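Taking it in order: structure first as structure tokens, then the write-up.
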Amino acid sequence: MSDAPQILTIAQWSRGAPWRLNLPHSQPRHALIWVTRGQARATVSGLRRGVGAHNALAVPAGTLFSLDVGPGCYGQVCLIAPDGPALMPDQSEHLRIREVHQQGELTSLLEAMTREASAARPFADEAAEALAIMVTVWLRRALIGQAPAPRLSAAQRLVAAYAALIEQDHATGQPMADYARDLGVTPTHLTRSCKTCCGMTAADLLVQRTLHAAREGLEDGSDAVRHVAAQLGFGSAAYFSRFILQHTGLSPSELRRRARKA
């Protein structure tokens with residue numbers, strides 16, 4: 001994967017497979033999502049929020065998130081390497097851009113990135129980097145005018161900590177109860193907090209992150225099914241196969257075969 005900034009529509013980002021965005025996962029690059037039409041629902045660090053037209057959502061690299069895109073929703077995403085010159089926030093940010101001139105500025109910058117990507121001109125990577133820097137300057141300027149985010153509740157802080165642990169340790173295969181123990185709460189309390197903050201149980205959040213990793217390993221990789229299972233902490237290939245069948249209706253081999261044909 002090139003380190004050059006990349007501009008995609010949300011539809012292109014999903015690569016025609018909604019699970020790539022609507023299952024919890026993380027990205028290796030920072031993402032600035034700009035929705036210009038319709039509605040979406042994002043869950044970032046275990047906290048769910050609505051994302052409407054002229055909303056910008058900044059998601060730092062390595063942050064657990066998902067994006068459910070509603071009918072008729074259109075937007076773009078700018079993907080930026082975390083070690084480059086374009087400076088993105090260290091934490092997620094959700095901006096509702098009401099000023100028309102601010103909306104136009106960001107849209108123009110993203111359109112310029114799209115033109116550079118499609119024209120394949122000399123020094124395109126340098127041009128993309130320069131435009132990405134301008135996009136992040138726009139973001140930091142827009143943040144100056146935003147009202148301070150409300151302080152997180154105790155439940156939100158707990159769920160955010162749980163989401164961070166999931167992203168760090170989901171491949172170990174440890175059960176949700178172990179995460180609750182590490183966080184110093186009961187599984188019941190963790191589940192109640194997750195349902196309040198993101199509408200799913202603590203176990204479901206962990207299962208969905210594991211499912212994303214499993215589908216990625218099967219559909220994008222070439223490792224044997226048993227190796228994918230081992231990489232995700234499953235005790236046996238048979239257990240992994242039952243997990244995939246339960247959540248997709250297909251066996252691992254059939255899931256991989258269909259992805260290759262798509």
To the nearest 0.05, how large is the calculated FRET efficiency for S153 and L87 if R₀ is 41 Å and r is the Cβ-Cβ distance? 0.90
Whole-Å distance linking the alpha carbon centroid of the stretch 136-163 with that of the stretch 180-197 is 21
Residues whose modelled amide H sits under 5 Å from the amide H of G75, counting only those 5 or more places away in sequence or on another chain, are I10, A11, T36
In nanometres, the difference between 0.36 nm per residue of separation and the alpha-carbon distance of R141 and D178 is 9.1 nm
Can you list which of the trypsin sites (Lys or Arg not before Pro) found in the stretch 146-197 are DSSP loop residues with at most 11 other C-beta atoms within 10 Å? R151
Explain nothing, just the number: relative contact order of the stretch 6-144, from Cα pairs under 8 Å at least 6 residues apart, as a whole percent. 26
Expected 222 nm ellipticity per residue - DSSP helices of 4 or more, -39500 (n - 2.57), all of the chain, to 500: -16000 deg cm²/dmol
Peptides 131-143, 89-101 ordered by average Cβ neighbours within 10 Å, highest first: 131-143, 89-101
Computed FRET efficiency, Cβ-Cβ of S222 and T9, R0 41 Å: what is it to the nearest 0.05? 0.90
Relative contact order (percent) for the chain, with alpha-carbon contacts under 8 angstrom and 6 or more residues of separation? 18
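Readers should treat all values here as calculations from the given coordinates under stated rules, not as data from a laboratory. Just so it is clear, the model here is predicted, and its values are computed rather than measured. Here Cβ is always computed from backbone atoms with ideal geometry, including for glycine, and neighbour counts include all displayed protein chains.
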